[in-house]
Structure formats: structure tokens, C-alpha cells
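Reviewing the structure listed below.
The values are calculated or read from the model by the stated rules, or taken from the named source; none is laboratory data. Given the structure is predicted, the values throughout are model-derived calculations rather than measurements. As a convention, Cβ positions derive from the backbone with ideal geometry for all residues, glycine included, and neighbour counts pool all protein chains shown. Calculation scope for accessible area: heavy atoms of the full protein, side chains included, ligands and nucleic acids excluded. Shrake-Rupley method; radii C 1.70, N 1.55, O 1.52, S 1.80 Å.
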Amino acid sequence: MACLLVLVAQLGFAQVQEAPGANTTSEQDTALADRISQAYDHVDGLEPVRVEVDSGIVTLSGEVVSEELRERAIDLGSRFEGVLDVQDNLAVSTSLGDRIGPAMARFEERTMRVVYSLPLLIVGLVILWLAWVFARWLSTREWIGRRLRQNPFMADIVRQLVRAVVMVGAMLFVLDLLELTALVGAVLGAAGVATLAIGFAFRDLIENYIASVLLSVRQPFEPNDLVHIGDHLGKVTRLTSRATVLITPEGNHVRIPNATVFKAEMVNYSRNPQRRFQFDVGVDVELELLPVQSLAERIVGGIDGVLDDPAPFCLVMELGDSSVILRVFGWVDQREYDFGRVRSEAIRQVKEAFDEADIVMPEPIYNIKMLSPKAGAESTPNDTVAPRPVRPTQLAASEQPKGADTRSQDEIAPALEREAADGQNLLDEAAEKE
């Protein structure tokens with residue numbers, strides 16, 4: 001019995017000790033709920049929210065007209081000191097009347113902001129127009145493209161860049177005037193993403209454009225130059241912002257993307273007007289070679305279009321089974337004479353000179369051994385040699401053919417002129433060359 005009395009006494013004492021603390025917690029919760037409710041009363045749309053606090057746990061109930069207001073109520077309630085957690089029991093109203101009123105209020109507020117900002121907006125538009133006029137005037141100044149006068153393409157790019165810089169500066173000033181500088185970051189971010197996407201989508205076009213700029217700055221060829229680019233041989237007629245246009249010796253129109261031209265191996269046959277040709281001729285192994293070489297050099301040196309300096313020369317290249325291979329070299333000035341015609345005439349005259357001098361140009365000889373039908377018996381080799389073909393009757397002196405015309409005859413010149421006059425051409429004869 002004594003123990004029971006002691007236990008009851010202790011429980012009563014504990015209740016007496018806990019009662020003041022419980023009252024304090026309840027008062028704190030009530031004060032916290034009042035503060036949160038007062039804050040909601042000052043925020044449009046949060047007035048209907050009911051707040052209950054129990055030991056620092058805030059419970060929100062009621063209806064709001066939008067999801068945005070619901071999130072705002074939760075965020076605002078969690079910022080008060082002493083709040084441990086926020087329980088969301090809010091409902092978003094679907095009533096048409098509840099939604100139209102706030103929407104109309106927001107629309108009216110934004111409309112009034114636009115009306116109040118009209119003077120600044122007009123001033124901003126005037127500034128942009130003045131900047132556009134100034135940019136056009138500045139880009140036409142002669143000193144802008146003075147150093148690029150020999151490259152109209154680069155001069156035009158610089159003028160466009162000047163206009164862009166002026167307009168971007170004016171737009172940033174207007175945005176700052178309208179207090180929309182926060183929009184600049186969003187615009188620049190969107191522009192960066194858009195630029196990246198456009199770069200991937202139009203990679204080939206951008207690559208060709210950059211190659212066009214580089215080719216126009218350091219031109220590896222001039223108009224009418226004979227070039228070999230990749231698998232294409234022809235004369236250059238135009239360089240556009242996307243492609244290089246060639247006219248082949250057959251008169252075909254070839255259009256090569258500038259990116260391919262910039263990366264490809266290129267042979268320019270016209271950059272150096274002097275070009276060397278060569279051809280091989282076989283002579284009999286029994287002949288003395290020095291007189292034969294001298295004859296070939298003298299014949300080639302007398303052809304119209306073959307230069308005296310450097311002089312033609314003939315080398316012994318190979319000792320074959322039935323002939324000695326000589327290689328004849330000569331130089332042509334391509335500004336006045338056609339390379340292919342001079343080489344053709346050199347081959348023809350050397351062949352005729354060798355024929356007249358009885359210099360044998362043998363064909364390959366094969367020895368055929370014939371066996372008789374009898375076993376082990378061999379037939380007598382046939383030592384008969386086929387007679388040499390008889391030359392045609394010599395023509396009279398008046399009927400002898402003269403040397404071929406080796407002067408330059410550009411059959412595709414009309415096609416080159418038509419193509420060069422048809423549209424954009426970034427080639428400039430006065431521009432710096434590689």
C-alpha cells in the first residue's frame with residue numbers, strides 16, 4: 001500500500017511539471033499560426049488559406065485558384081522560424097468564376113504596365129532606328145574596307161560585322177532602358193542553343209562558307225587557271241560563297257564544294273607559265289646512242305613553242321629486251337602555245353626524223369620453238385624474218401605537210417566567258433596569292 005501511494009504521488013508531480021510546458025508550446029503554435037495567416041492576408045490569392053500549427057507542424061487547408069499560388073503558400077509557410085514541416089492539404093479550385101477574376105486582374109495590371117511603358121518603348125524604337133541608320137552609314141565608309149579593297153568578299157563581311165556590332169549595342173541599351181536586362185541572359189542562352197543546333201544541321205553549308213572566306217583571302221588560283229582538284233581537271237571560271245566552278249577541256253561544267261577544294265590536293269598548271277613535257281621512244285640496241293639523242297634534241301628544239309631555255313634534252317632511261325628506251329624532254333610557254341599540241345607535234349616530228357635517218361624503232365621480238373610430231377625430234381627453227389613494211393611513196397615537195405599549229409587555241413573560251421559573267425565571283429586578279 002505504501003508503494004502504491006508513492007507511485008501516485010510521483011505521477012501527480014509529473015503532471016504538475018508538464019502542464020506549464022504544454023501551455024507554452026500551445027501558445028507558440030498559436031502565435032506562429034497567427035503570423036503565417038497575417039502574411040497570407042497580404043498576398044493576393046492566399047487569403048482563403050487556413051493555417052493550423054501543432055508542435056511546429058503547419059497544416060494548410062482551403063482552396064486556391066492556381067497551382068502557382070499553392071506552391072507559393074507552401075514556400076512562404078516553410079520560411080517562418082519554428083516551422084518544422086508544412087503539410088499541404090490545399091485544393092486548386094476549378095471554378096470558372098474563381099479563375100476569371102484573378103486572370104482579369106493580372107491582365108489589367110500588365111496592360112497598365114505596358115501603357116505606362118509606352119513612352120520608353122517609343123524611345124527605344126527610335127534609338128533602334130537611329131542605330132540602324134548609323135550602322136548603314138558607318139559600314140559604307142571607305143576606311144572600313146580600305147585594307148580589304150582587293151578582296152570584295154572580305155570587305156563585305158567586315159561591313160556586315162560593323163552593322164551587327166552597332167545594332168547589338170543599341171539593343172542592349174534599349175533593354176537596359178526598359179529594365180529588361182534579365183531578358184538578355186535568357187536570349188543569349190537561347191541563341192547559344194539555337195546556334196549549336198543550326199551548326200549541326202547546316203554543318204556542310206557553314207564549312208563551305210568558312211572555306212570560301214579562306215580561299216578568297218589567300219587565292220590558290222586565278223580566273224582561267226588550269227587546275228587539277230581531286231579527280232577533276234579544268235579551268236577555273238568562278239569562286240562563289242559555296243563552290244568553285246570549273247570548265248573541263250571537254251566543255252563540261254563542274255561545281256566543287258569549297259570545303260572539298262580547301263582540303264584537297266591541288267595542282268595548278270598555270271601558276272608557272274613554263275611547263276615541261278616528256279615522251280618515250282625505243283630504238284635498236286645496235287645503234288650508237290649519242291647521235292640519236294642529239295637528233296631528238298635538235299628536232300624538238302626546232303618546234304614552235306618549245307623553249308630554248310631550258311633547252312630540250314634526251315636521256316637513256318632503260319635497256320630493254322629488244323630496244324633501248326630514250327626519254328625526250330622539252331619546255332613549253334603556256335601563255336602563247338598549247339601544251340598538248342606542242343607535245344603531239346614533238347612526237348610526230350621525232351618519229352619522222354628517225355624514219356628518215358633509218359633509225360630502227362623495233363617492236364618486241366619473240367622466239368617460238370616448234371617441236372615435230374615425232375618424239376624427241378625438233379623442227380628446224382624458222383629463220384625467215386618478216387620483211388619490213390614498205391614506206392608509202394614520198395609526196396612531192398609541194399604536198400609535204402607542214403608543222404602543226406602549236407599556238408594556244410582555247411576552244412572553251414566562250415564557255416569560260418559565259419560562266420564568269422553569270423553571277424557571283426570572289427576571284428580577284430589583284431588579290432594576294434598562295
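Screening the stretch 345-359 for residues that are outside any helix (DSSP H, G or I) and under 17 Å from Cys314 (Cβ atoms) and picking the one that is most open to solvent (accessible area, probe 1.4 Å) gives Ala357. Summed over the stretch 229-258, the residues that are surrounded by fewer than 15 Cβ atoms within 10 Å (Cβ to Cβ) and not acidic (Asp, Glu) give a count of 7. Checked against the criterion of being farther than 12 Å from Ala91 by Cβ, among the acidic types (Asp, Glu) and open to solvent by 60 Å² or more (accessible area, probe 1.4 Å), the candidates Glu27, Glu67 yield just one match: Glu27. No other residue among Gly56, Gly77 is open to solvent by less than 40 Å² (accessible area, probe 1.4 Å), out of contact with any helix residue (DSSP H, G or I) (no Cβ under 7 Å at 6 or more places or on another chain), modelled with pLDDT under 85 and farther than 30 Å from Leu161 by Cβ apart from Gly56. For the stretch 30-48, the candidate set comprises residues that are within 60 Å of the chain's Cα centre (by Cα) and crowded, with 18+ Cβ neighbours inside 10 Å; within that set, the residue that is farthest from Gln87 (Cα to Cα) is Gly45.
For the structure I just gave you, tell me whether Gly77 is touching a residue at least 24 places away in the same chain (Cβ under 8 Å) and at positive phi. For Gly77, the condition - touching a residue at least 24 places away in the same chain (Cβ under 8 Å) and at positive phi - is not met. Residues in the stretch 320-333 that are modelled with pLDDT of 85 or more and open to solvent by 30 Å² or more (accessible area, probe 1.4 Å): Ile325, Arg327, Trp331.
Residues checked against (1) modelled with pLDDT of 80 or more; (2) more than 32 Å from the chain's Cα centre (by Cα); (3) exposed (fewer than 14 other Cβ atoms within 10 Å of the Cβ):
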position: Ser93; (1), (2), (3): no, yes, no
position: Glu109; (1), (2), (3): no, yes, yes
position: Ala131; (1), (2), (3): yes, no, no
position: Trp137; (1), (2), (3): yes, no, yes
position: Thr140; (1), (2), (3): no, no, yes
position: Leu148; (1), (2), (3): no, no, no
position: Val162; (1), (2), (3): yes, no, no
position: Met171; (1), (2), (3): yes, no, no
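Phe80 meets each of the listed conditions (1) more than 24 Å from Ala105 (Cβ to Cβ); (2) part of a helix (DSSP H, G or I) apart from (2).
Quick check on Arg275: is it in contact with a strand residue (DSSP E or B) (Cβ under 8 Å, 6 or more places away or on another chain), open to solvent by 20 Å² or more (accessible area, probe 1.4 Å) and touching a residue at least 40 places away in the same chain (Cβ under 8 Å)?
Taking the combined requirement at face value, the residue satisfies it.
Taking the conditions exactly as written (among the β-branched types (Val, Ile, Thr), out of contact with any Pro (no Cβ under 9 Å at 6 or more places or on another chain) and modelled with pLDDT of 80 or more), does Thr248 satisfy them or not? So Thr248 passes the test.
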